[in-house]
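Here the structure comes first, spelled out in structure tokens, and everything after it is commentary.
The values are calculated or read from the model by the stated rules, or taken from the named source; none is laboratory data. Nothing here was measured: the structure is a model prediction, and the numbers come from that model. Cβ: placed from backbone, ideal geometry, glycine included. Neighbour counts: every protein chain shown.
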Amino acid sequence: MAQPLVKKDDDRDDEAEYSPFLGIEKGAVLQEARVFNDPQLDARRCSQVITKLLYLLNQGETFTKVEATEVFFAVTKLFQSRDIGLRRMVYLMIKELSPSADEVIIVTSSLMKDMNSKTDMYRANAIRVLCRITDGTLLTQIERYLKQAIVDKNPVVASAALVSGIHLLQTNPEIVKRWSNEVQEAVQSRAALVQFHALGLLHQIRQNDRLAVSKLVTSLTRGTVRSPLAQCLLIRYTTQVIRESGINTQTGDRPFYDFLESCLRHKAEMVIFEAARAITELNGVTSRELTPAITVLQLFLSSSKPVLRFAAVRTLNKVAMTHPMAVTNCNIDMESLISDQNRSIATLAITTLLKTGNESSVDRLMKQITNFMSDIADEFKIVVVEAIRSLCLKFPLKYRSLMNFLSNILREEGGFEYKKAIVDSIVILIRDIPDAKESGLLHLCEFIEDCEFTYLSTQILHFLGIEGPKTADPSKYIRYIYNRVHLENATVRAAAVSTLAKFGAMVDSLKPRIFVLLRRCVYDSDDEVRDRATLYLNTLGGDGAVVETDKDVKEFLFGSLDIPLGNLETSLKHYEPSEERFDINSVPKEVKSQPLAEKKASGKKPSGLGAPPSGPVSTVDAYEKLLSSISEFSDFGKLFKSSAPVELTEAETEYAVNAVKHIFDRHVVFQYNCTNTIPEQLLENVTVIVDASEAEEFSEALTKPLRSLPYDSPGQTFVAFEKPDGVPAVGKFSNMLRFIVKEVDTSTGEAEDDGVEDEYQLEDLDVVAADYMMKVGVSNFRNAWESIGEDFERVDEYGLGPRESLTEAVSAVISLLGMQPCEGTEVVPNNSRSHTCLLSGLFIGNVKVLVRLQFGIDGPKEVAMKLIVRSEDESVSDMIHEIVASG
Amino acid sequence: MILAVLFANSEGNILVERFNGVPAEERLHWRSFLVKLGADNLKGVKNEELLVASHKSVYIVYTVLGDVSIFVVGKDEYDELALAEVIFAITSAVKDVCGKIPSERLFLDKYGKICLCLDEIVWKGLLENTERDRIRRLVRLKPPTEI
């Protein structure tokens, strides 16, 4: 913190004559408050004491219950004074003290008197105070006056009653809802603020009545709204109505769009912004609808007021996430904001530019950002790093400059979260862009030479152990790794020893030299480091001969533990030390919480080092392990692909089931992840009865039931189908969950002996062509296209019929084929009449496939498409055409 | 909801702090965050020039007026634009009460009146009044001129 947070009374002596509150002390002020009890009130002095009390309260000082009560009773005496200034202070003071229910009674009569006073200002303030301190019973007594006040001709009185209503609606909704006629009348008030407050309250009263809100919006959008604030509310309520009503299917018009559009020309800036934001957030907004909003926002980018620039760039940043092309027109204005004094604006501008920029502008943008990075806080830097990571994945050809940028900022000062964001980004780029691997690994090596964070060092060492041996020259990483053994703490040293062992295991030529290094580690001061070195020397065959490492050893070093850690922990806890050794094979392999973990993983952004060898590979790995542990599936061969889980039940049903499709060359296995959400039931012998009558090419091979499914403890049952070898057979499967249900006594947790057989209908499951295609990207599409050659090129043209937009057509074809879009070509620029999309993938049988899609749209929204396929296999090229032709 | 209105002097000492719907244990965090924000950015800023920041889903608009820095924090419907309206009402009211751009001493001398103005502008996290003239009259319990 830059400045000490001391109260004024702690100020230095040289300010002695400065503050009127110098040396103020709660006890002394409370003493002074006795002046309120004087028979002859000195209004000026009383006001001064109240000011002091307010000063204390406004600095976060609190009064004890006794102190507060004492002051409160004293303050109530001040109602005797006729001094107007003092009365105003008294109102404020009572609100600040918030008396308890039993004390309120003391002031109610005085306040009720003021509420019926002829002086408007007494009325308004008394209402505000009463509503602040009142409870339900008192409210019914004063309700009559409040209703009158809402339609009072004095706008201050009306506003006081309306704002009271907004607050009271939280605590006493039934009472406030009875005022809707008066509030409705107040909405028509000529006073701007009354209208604003009334509109806010009326909407809150009626927010659950769609028809009423719709009527309110319809009448107000036709009439006049006086206050810009009320106009903003109206725009918000209008968007709510639009959201609920959808587009007029006959005319294609969106109701109230014209109103929103007209608000873009309002004289108040806040109304313009509200309307622009409302338009950009419309569901399925078209580029025609978007354009006027973007135009006004663009004008505000060069406003002299920082708040307006911030509001504009914040809105455009949001638009850029869904419609990047719509924002590109603003790029020049946005670039000038990179040097904005206000760092929040500059950061938003940069992240927007990173989302909307094209390949040619990347280098220029990086130069600008480099200057900017040095003077922003870590939290902004993390946002920028994340944006750069997405940009690099979008334009893999630009990896060099983006990777250089990341490595440069990695060398500069920064906290843990920031450094972790950079390292995570580099790791993701290494994984997704093969060309970036070598340089990325070297950047990470340089970073660990001077890394102050143990966590990051160990994670990088682990990653190096997996990726380093696969590079062209693994020996160049050894120096960096072995340096850790000399220079770092025990945790990092132990990680370095494991990494060295991995190099030894994978690169036979390096083995003798690795042994020399490992032998040195045997003398380390830390036992874990010594133990690891000894273990690896033994497992790798410590004589140092250049021999190939055993498969088992590799499995030990690189394979993940094929039992869930949770299960291992439980088994170890139950193990009693005895002559009998702990047997790791006795640990159950059933993955209990898998469905939950999958759900979490799918919602998460790709995490770099956070989950080292997990990441995208891990689920496939886990599935592979799971399936290979089931003997019935052992002869199915290698798993080609596993789909994401498909939900077969609605949310919050008795039994939650989702299915994963595992594709093999000659088989398809459905893995049903089941969860029983009823504590009073135990399910046994759980199977899924699959009807494959609409999947002719499939024949059921076997079913693996789940023996028992207790409450909230997920389990899996499997059904396997045979299909013709290598053929991407498709079909629809209907599913029925069948089980024996047993009652459970929840107090003892014991189930009854007898059960009843029952069934539960699940949703259908489809196997589609895309299930046979693995999304595998290429870093340079043109090179890949050329190197695969035109031997098996197949070209044809298709009419896709009328489509909403080109974007919709492009994404439909992408999801039909299940391929990986390359170079950001899945995004269609606004207003485009034609578009080319590049896809790549690996078809079942490990056949590389590349696709160029050329789309064109004509007037009545008829979309035509030219499909060019190149692959390593003639029949696969034909198959892709068949998929499109039949899709 | 307007989560906080905070006044600090040029050294970062708190003059007024009013929180709405902010748990007591988070107030210290907000206080230090805002004071640091001001220390980092308000140097050399012209009187009443608005600065803006966002922290998670919360917006902050702040400015300097003489010796006093003013911060307003809001969320949901009180975004940067609504807060700009609030802070404009506050700065106008403070100038009116003080008769000029306030020194710290002048601000403290008029402390009671300033509290009344705040009471008219923000009521438990909701914006109540924005018009300068009306606020000036209301703190003296005078009816507004418009009726």
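In segment A:697-711, what residues are assigned to a strand (DSSP E or B) and not aliphatic (A, V, I, L, M)?
Listed by number, the residues that qualify are A:Ser699, A:Glu700, A:Thr703, A:Lys704, A:Arg707, A:Ser708, A:Tyr711.
Looking at (1) surrounded by fewer than 18 Cβ atoms within 10 Å (Cβ to Cβ); (2) part of a helix (DSSP H, G or I); (3) more than 9 Å from chain B (Cβ to nearest Cβ), which one does A:Gln48 not meet, given that it meets all the others?
Of everything listed in (1) surrounded by fewer than 18 Cβ atoms within 10 Å (Cβ to Cβ); (2) part of a helix (DSSP H, G or I); (3) more than 9 Å from chain B (Cβ to nearest Cβ), A:Gln48 misses just condition (3).
Within segment A:327-343, which residues are within 21 Å of A:Ile376 (Cα to Cα) and in a helix (DSSP H, G or I)?
Hits for segment A:327-343 are A:Asp333, A:Met334, A:Glu335, A:Ser336, A:Leu337, A:Ile338, A:Ser339, A:Arg343.
Across segment A:547-561, which residue is modelled with the lowest pLDDT among those that are surrounded by fewer than 16 Cβ atoms within 10 Å (Cβ to Cβ) and not in a helix (DSSP H, G or I)?
Restricting to residues being surrounded by fewer than 16 Cβ atoms within 10 Å (Cβ to Cβ) and not in a helix (DSSP H, G or I), the top hit is A:Val547.
Can you name every residue in segment B:66-81 that is out of contact with any Asp or Glu (no Cβ under 6 Å at 6 or more places or on another chain) and within 16 Å of B:Ile101 (Cα to Cα)?
B:Gly66, B:Val68, B:Ser69, B:Ile70
What pairs come up if the first residue lies in segment A:268-284 and is crowded, with 23+ Cβ neighbours inside 10 Å, the second is part of a loop (DSSP other than H, G, I, E, B), and their beta carbons are under 8 Å apart, counting only those six or more places apart or on different chains?
Close Cβ pairs (under 8 Å, with a partner that is part of a loop (DSSP other than H, G, I, E, B)) amount to A:Ile272/A:Leu264; A:Ile272/A:Arg265; A:Ile272/A:His266; A:Ala275/A:Leu264; A:Ala275/A:His266; A:Ala276/A:Leu264; A:Ile279/A:Leu264; A:Ile279/A:Val285.
Return the residue satisfying two criteria in turn: it lies in segment B:105-120 and is more than 7 Å from every other protein chain (Cβ to nearest Cβ) and surrounded by fewer than 21 Cβ atoms within 10 Å (Cβ to Cβ), and of such residues it is farthest from A:Gln170 (Cα to Cα).
B:Leu106
Of everything in segment A:76-131, what is under 19 Å from B:Arg140 (Cα atoms) and β-branched (Val, Ile, Thr)? Give them in sequence order.
Hits for segment A:76-131 are A:Ile84, A:Val90, A:Ile94, A:Thr119, A:Ile127, A:Val129.
Which of (1) touching a helix residue (DSSP H, G or I) at 6+ places or on another chain (Cβ under 6 Å); (2) within 18 Å of A:Met115 (Cβ to Cβ); (3) in a helix (DSSP H, G or I); (4) within 14 Å of chain B (Cβ to nearest Cβ) is the odd one out, the single condition A:Ile175 does not satisfy?
(4)
Among the strands (runs of 3 or more DSSP E) contained in segment B:49-147, which hold 2 or more residues that are over 12 Å from the mean Cα position of the chain (by Cα) and modelled with pLDDT under 85?
Filter on segment B:49-147 gives B:51-55.
Collect the residues in segment B:121-139 that are among the basic types (Lys, Arg) and within 7 Å of another protein chain (Cβ to nearest Cβ), keeping them in residue-number order.
Selection gives B:Lys124 alone.
Kindly indicate which of A:Arg389, A:Arg411 is within 26 Å of A:Leu441 (Cβ to Cβ) and in contact with a helix residue (DSSP H, G or I) (Cβ under 6 Å, 6 or more places away or on another chain).
Matching residue, one of A:Arg389, A:Arg411: A:Arg389.
Working carefully through the options A:Ile166, A:Ile150, find the one that is β-branched (Val, Ile, Thr) and away from every other protein chain (no Cβ under 14 Å).
Criteria check complete, one pass: A:Ile150.
For segment A:77-127, which positions are among the polar types (S, T, N, Q) and within 52 Å of the chain's Cα centre (by Cα)?
The answer is A:Ser98, A:Ser100, A:Thr108, A:Asn125.
Taking segment A:343-368 only, how many residues are within 14 Å of chain B (Cβ to nearest Cβ) and surrounded by fewer than 19 Cβ atoms within 10 Å (Cβ to Cβ)?
The number of residues fulfilling the criteria is 1.
Can you tell which of B:Val52, B:Val35, B:Val72, B:Val45 is in contact with a Leu (Cβ under 7 Å, 6 or more places away or on another chain), within 19 Å of A:Asn342 (Cα to Cα) and facing another protein chain (nearest Cβ under 8 Å)?
From the options B:Val52, B:Val35, B:Val72, B:Val45, the qualifying one is B:Val35.
Let me confirm something: among A:Val847, A:Val828, A:Val778, which residue is within 29 Å of A:Arg666 (Cβ to Cβ), at pLDDT below 85 and not small (Gly, Ala, Ser)?
Among A:Val847, A:Val828, A:Val778, only A:Val778 is within 29 Å of A:Arg666 (Cβ to Cβ), at pLDDT below 85 and not small (Gly, Ala, Ser).
For residues in segment A:746-793 being farther than 30 Å from A:Ala720 by Cα and assigned to a helix (DSSP H, G or I), which is nearest to the chain's Cα centre (by Cα)?
A:Phe781
Quick one: in segment A:270-326, of everything that is in a helix (DSSP H, G or I) and charged (D, E, K, R), which residue is nearest to A:Arg226 (Cα to Cα)?
Once the filter is applied, the top-ranked residue is A:Glu274.
From the set of residues in segment A:707-742 that are without any contact (Cβ under 8 Å) to a residue 40 or more places away in the chain and in contact with a Leu (Cβ under 8 Å, 6 or more places away or on another chain), which is surrounded by the fewest Cβ atoms within 10 Å (Cβ to Cβ)?
A:Lys732
Name every residue in segment A:178-204 that is in a helix (DSSP H, G or I), of a type outside the set (A, V, I, L, M), surrounded by fewer than 24 Cβ atoms within 10 Å (Cβ to Cβ) and more than 37 Å from the chain's Cα centre (by Cα), in order of residue number.
Those that are in a helix (DSSP H, G or I), of a type outside the set (A, V, I, L, M), surrounded by fewer than 24 Cβ atoms within 10 Å (Cβ to Cβ) and more than 37 Å from the chain's Cα centre (by Cα): A:Ser180, A:Asn181, A:Glu182, A:Gln184, A:Glu185.
I'd like to check something: does segment B:10-21 contain any residue that is touching a Cys at 6+ places or on another chain (Cβ under 8 Å) and facing chain A (nearest Cβ under 7 Å)?
Yes, segment B:10-21 contains a residue that is touching a Cys at 6+ places or on another chain (Cβ under 8 Å) and facing chain A (nearest Cβ under 7 Å).
Can you tell me which residue among A:Val828, A:Val863, A:Val849, A:Val884 is in a helix (DSSP H, G or I) and either of a type in the set (Val, Ile, Thr) or touching a residue at least 40 places away in the same chain (Cβ under 8 Å) (or both)?
The unique qualifying residue is A:Val884.
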